[in-house]
1. Given the criteria hydrophobic (A, V, I, L, M, F, W, C) and at pLDDT below 90, does V98 qualify?
2. Please verify whether G101 is buried (at least 17 other Cβ atoms within 10 Å of the Cβ), out of contact with any Gly (no Cβ under 8 Å at 6 or more places or on another chain) and in contact (Cβ under 8 Å) with a residue 12 or more places away in the chain, treating the condition exactly as stated.
3. For segment 88-119, what are the residues that are of a type in the set (D, E, K, R) and farther than 22 Å from A47 by Cβ?
4. Of everything in segment 47-56 that's in contact (Cβ under 8 Å) with a residue 24 or more places away in the chain and open to solvent by less than 80 Å² (accessible area, probe 1.4 Å), which residue is farthest from the chain's Cα centre (by Cα)?
5. Among the residues that make up segment 60-82, is at least one of them open to solvent by 20 Å² or more (accessible area, probe 1.4 Å), among the acidic types (D, E) and not in a loop (DSSP other than H, G, I, E, B)?
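The values are calculated or read from the model by the stated rules, or taken from the named source; none is laboratory data. All values derive from a computational prediction rather than experimental measurement. Note that we place each Cβ from the backbone using ideal geometry, even for glycine, and neighbour counts take in every protein chain shown. The protein model used for the area step is the full one, side chains on, heavy atoms only, and it has no ligands, DNA or RNA in it. Shrake-Rupley method; radii C 1.70, N 1.55, O 1.52, S 1.80 Å.
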Amino acid sequence: RATASIESVLTALGGWLEEVELRRQATPFARAAILATGERLSAPIVAAGLVSRGHDSCVVDASRLFLASGSPLEADVDLAASEARVRAWWPTAPRTPVVTGFVAADREGRTLVLGRGGSDHSATLLAAALSAERVDIFSDTDGVLTADPRLEPQARTLSSLEVSTAVALARLGARVLHPPGHVGAEAID
């Protein structure tokens, strides 16, 4: 099953790459579809691993769940429509679905991506729609740091942070909260 899914994704990628070659440029929709390929390739591998260990699992492309609009490369999710889609899907979902992150679709079914932090955003949207008690997101850092660790090797993890400070940092471009541009105290409740 994973092999057929992977071959399908690679065939679609080949089509997008041919279009880019013919046009000699990548349209925003072509770029979004190409960028989504990583999620669409990794999900069948994860699902196959779960199935091989006895779990009821399959791949769910988030473009079936999340309706979005705007830039194909920084799409804005329609929260109400997406929540309705998730709630309609959930009763028929396998016990352990592997949902692609980062990916959505517009009303015409074209692939859009959610931009920086899109996979975390997808996870929180899915959890909110399902009234989940919590979301665990694994990162390469153990919390909010005093500086960007790539620029400052001595950066250390803060033991606490006021919400208003986190919001201010996010508005200034720090990768503290998501989504950028939509940060407010209500997004943190």
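1. Values: hydrophobic (A, V, I, L, M, F, W, C): yes; at pLDDT below 90: no.
The answer is no for V98.
2. On the way: buried (at least 17 other Cβ atoms within 10 Å of the Cβ): yes; out of contact with any Gly (no Cβ under 8 Å at 6 or more places or on another chain): no; in contact (Cβ under 8 Å) with a residue 12 or more places away in the chain: yes.
No: the conditions fail for G101.
3. Start the filter on segment 88-119 by keeping residues that are of a type in the set (D, E, K, R), which leaves 95, 106-108, 110, 116.
Residues satisfying the conditions are D106, R107, E108, R110, R116.
4. At the first step, the residues of segment 47-56 found to be in contact (Cβ under 8 Å) with a residue 24 or more places away in the chain are 47-48, 50-51, 55-56.
Subsequent filtering for residues that are open to solvent by less than 80 Å² (accessible area, probe 1.4 Å) retains 47-48, 50-51.
Details: A47: 17, A48: 20, L50: 20, V51: 23 Å.
Selected residue: V51.
5. Of all residues in segment 60-82, those open to solvent by 20 Å² or more (accessible area, probe 1.4 Å) come to 61, 63-64, 69-71, 73-74, 76-81.
Checking which are among the acidic types (D, E) leaves us with 61, 74, 76, 78.
Subsequent filtering for residues that are not in a loop (DSSP other than H, G, I, E, B) retains 76.
Yes, that holds for at least one residue.
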